[in-house]
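Chemist: First, the structure itself, so that you have it in front of you.
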């Protein structure tokens with residue numbers, strides 16, 4: 001097992017949605033491997049299957065065909081409970097709409113993944129504070145998301161994605177709702193995390209964002225058309 | 001284990017937070033449960049109080065007693081033209097002697113009764129003369145507040161002594177101790193030697209002993225025979241003024257038993273004797289213990305009816321909670337998606353929403369218990385009804401309220417857990 005340091009390996013992944021009698025093939029055979037510590041961008045126009053791919057990578061969705069090896073373990077047939085566990089332990093999500101829980105304040109939002117791991121409260125709060133510090137929000141711990149700017153909200157989301165110390169961070173258009181300057185800041189933060197060793201996979205349709213990474217995968221109609 | 005408990009606390013805290021976010025909505029939601037629980041406790045306490053009162057009243061008649069009463073059967077009613085005819089009904093001397101031979105009977109106390117105007121120097125009132133024997137006091141559980149009851153010797157000597165009921169005392173001797181004073185019945189004078197303590201007015205609604213015994217005047221049986229004989233003169237109500245004269249030897253036998261367990265056997269013997277001695281059924285046999293059992297039975301039915309009403313209101317309350325939880329789930333679809341993406345299992349989502357519905361129903365339960373304890377107190381204060389709040393009714397209704405929260409929370413919680421995380425994340 002140790003011979004290969006792939007975090008993720010996809011083999012001929014297909015995803016077919018059935019809408020009544022019509023079958024919609026969103027992913028038409030994707031094979032892809034992600035090495036530990038890599039920074040990958042996935043690009044493609046809307047409808048190309050980026051988000052579906054990300055959902056499968058993030059264990060939110062299951063492929064219709066194909067095999068998904070996560071840390072050399074085939075997880076394409078696992079049940080909901082086991083997939084939840086993988087998400088909880090190894091995956092950090094960052095969304096375009098930030099997706100913070102509005103009733104919870106900054107520190108509660110950050111500590112949420114730890115809560116589902118059943119970690120002791122004191123340790124949880126300590127960790128959450130550390131991560132808030134890391135993204136530069138230690139003075140906003142008890143603010144609600146609605147009291148923060150977009151950039152700050154995305155920082156909270158990043159801190160939350162980091163909280164469970166994931167193997168891979170999956171970001172779906174992380175700068176899509178932000179202005180260029182803030183977007184740049186967020187990308188810098190993500191790149192810093194990548195430099196510190198986190199595997200990072202970013203979905204974007206903005207070439208400027210994609211250019212932060214060394215490896216860019218282009219999707220079109222559910223196929224990888226270009227990899228550079 | 002420690003982590004588990006902490007986890008539960010955290011979930012509960014989260015639930016409280018979400019509920020406090022919609023104070024008015026949550027309050028309105030729990031009203032159904034509040035009223036359900038309050039009505040369970042209040043109604044059970046009123047039912048319990050009523051049956052307690054009934055039990056106490058029946059106990060006054062003596063659960064160790066069988067009472068045989070003379071009864072003027074409708075067939076013996078004379079026509080008005082027949083005014084001079086003398087009727088004859090009721091218990092006889094032979095009955096008394098025969099009943100006395102039944103084993104396991106401790107005592108048979110006979111009475112003869114008539115309605116009379118009773119007067120003192122202070123006024124006049126209609127009461128009931130009860131000619132009886134000294135053991136009447138004990139057998140009927142009467143207590144004296146002044147003086148004493150008459151003795152066997154005084155019975156033998158036909159002394160004209162009287163023990164008066166509390167209402168007679170209140171009307172004829174309002175301010176003084178009547179012992180030693182004189183009352184007049186017809187043209188005879190009686191010396192008051194005792195006053196009976198006030199008794200709660202007997203059960204209304206049953207034909208049995210519905211008279212107010214506080215208007216009784218007790219005299220020695222023999223004295224009654226000497227002064228009043230055996231004739232009962234009754235003014236029959238009707239369009240024509242009409243006297244009816246009946247010969248009645250005894251009005252009541254109070255059969256006091258040694259042992260309650262023999263009561264039905266003895267009653268059947270009594271019935272046999274009376275059946276063979278009497279041509280028509282001019283008597284009735286009453287068993288207070290049986291009435292007690294009937295009262296218990298009535299209470300059981302009462303409780304079932306109340307329980308059903310309360311159950312319906314709790315179900316309605318539960319549906320209210322389910323309704324609001326379904327709305328909450330829809331409202332928070334996105335949050336559910338986020339939680340799932342972050343690693344929450346279906347079970348975590350279920351726990352979260354069930355804990356919210358349990359907090360709602362449990363809070364409703366607590367408020368309901370408080371209200372349910374207050375309502376019977378108010379009922380007692382304003383209507384004088386006896387109410388008894390039992391501990392188990394509080395425990396029961398609170399437990400049910402929590403159970404309602406779980407039951408009606410399951411469906412919305414499952415619905416939340418079954419949401420597709422991807423769809424949920426996309427939900428606006």
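The values are calculated or read from the model by the stated rules, or taken from the named source; none is laboratory data. Predicted, not measured: the structure shown is a model, and the values here were computed from it. Glycine also receives a Cβ, built like all others from the backbone with ideal geometry; neighbour counts cover every protein chain displayed.
Chemist: Out of (1) closer than 28 Å to residue B:18 by Cβ; (2) more than 13 Å from chain B (Cβ to nearest Cβ), the odd one out for residue A:86 is which?
Modeler: Single failed check for residue A:86: (2).
Chemist: Moving on. Output the number of residues of region B:322-342 satisfying the condition of being at the interface with another protein chain (Cβ under 10 Å from one of its Cβ atoms) and surrounded by fewer than 21 Cβ atoms within 10 Å (Cβ to Cβ).
Modeler: Residues flagged as at the interface with another protein chain (Cβ under 10 Å from one of its Cβ atoms) and surrounded by fewer than 21 Cβ atoms within 10 Å (Cβ to Cβ) within region B:322-342 amount to 1.
Listed here are the residues, each with its yes/no results for (1) out of contact with any strand residue (DSSP E or B) (no Cβ under 9 Å at 6 or more places or on another chain); (2) over 23 Å from residue B:70 (Cβ atoms); (3) part of a strand (DSSP E or B); (4) modelled with pLDDT under 90.
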| site | (1), (2), (3), (4) |
| --- | --- |
| B:94 | yes, no, no, yes |
| B:103 | yes, yes, no, yes |
| B:115 | no, no, yes, yes |
| B:125 | no, yes, yes, no |
| B:129 | no, no, yes, no |
| B:142 | no, no, no, yes |
| B:146 | no, yes, yes, no |
| B:149 | no, yes, no, no |
| B:153 | yes, yes, no, no |
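Chemist: If residue B:205 meets every condition in (1) touching a helix residue (DSSP H, G or I) at 6+ places or on another chain (Cβ under 6 Å); (2) modelled with pLDDT under 90; (3) at positive phi apart from one, which number is that one?
Modeler: Failed condition: (1).
Chemist: How about region B:220-328: which strands (runs of 3 or more DSSP E) wholly inside it have at least 1 residues that are modelled with pLDDT under 90 and farther than 25 Å from residue B:155 by Cβ? First the steps, then the outcome.
Modeler: Numbers: elements: B:231-236, B:242-247, B:252-257, B:283-286.
Counting at least 1 such residues, we get B:231-236, B:242-247, B:283-286.
Chemist: In region A:17-61, what residues are in a strand (DSSP E or B), within 21 Å of residue A:87 (Cα to Cα) and within 14 Å of chain B (Cβ to nearest Cβ)?
Modeler: none
Table: residues versus (1) surrounded by 21 or more Cβ atoms within 10 Å (Cβ to Cβ); (2) under 21 Å from residue A:167 (Cα atoms).
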| site | (1), (2) |
| --- | --- |
| A:58 | yes, yes |
| A:84 | yes, yes |
| A:117 | no, yes |
| A:138 | no, no |
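Chemist: Being out of contact with any helix residue (DSSP H, G or I) (no Cβ under 6 Å at 6 or more places or on another chain) and within 19 Å of residue B:338 (Cα to Cα) is the requirement here; does residue A:183 meet it? Show your work before the answer.
Modeler: On the way: out of contact with any helix residue (DSSP H, G or I) (no Cβ under 6 Å at 6 or more places or on another chain): yes; within 19 Å of residue B:338 (Cα to Cα): no.
So residue A:183 does not fit the description; no.
Chemist: Also: When you scan region A:102-154, how many residues do you find that are touching a residue at least 12 places away in the same chain (Cβ under 8 Å), in a helix (DSSP H, G or I) and under 19 Å from residue A:188 (Cβ atoms)?
Modeler: 8
Chemist: Same structure, new question: Are any residues in region B:104-128 closer than 21 Å to residue B:250 by Cα, surrounded by 21 or more Cβ atoms within 10 Å (Cβ to Cβ) and either free of Cβ contacts under 8 Å to residues at least 40 places away in the same chain or more than 29 Å from the chain's Cα centre (by Cα) (or both), and if so, which ones?
Modeler: B:112 - this is the single residue of region B:104-128 that is closer than 21 Å to residue B:250 by Cα, surrounded by 21 or more Cβ atoms within 10 Å (Cβ to Cβ) and either free of Cβ contacts under 8 Å to residues at least 40 places away in the same chain or more than 29 Å from the chain's Cα centre (by Cα) (or both).
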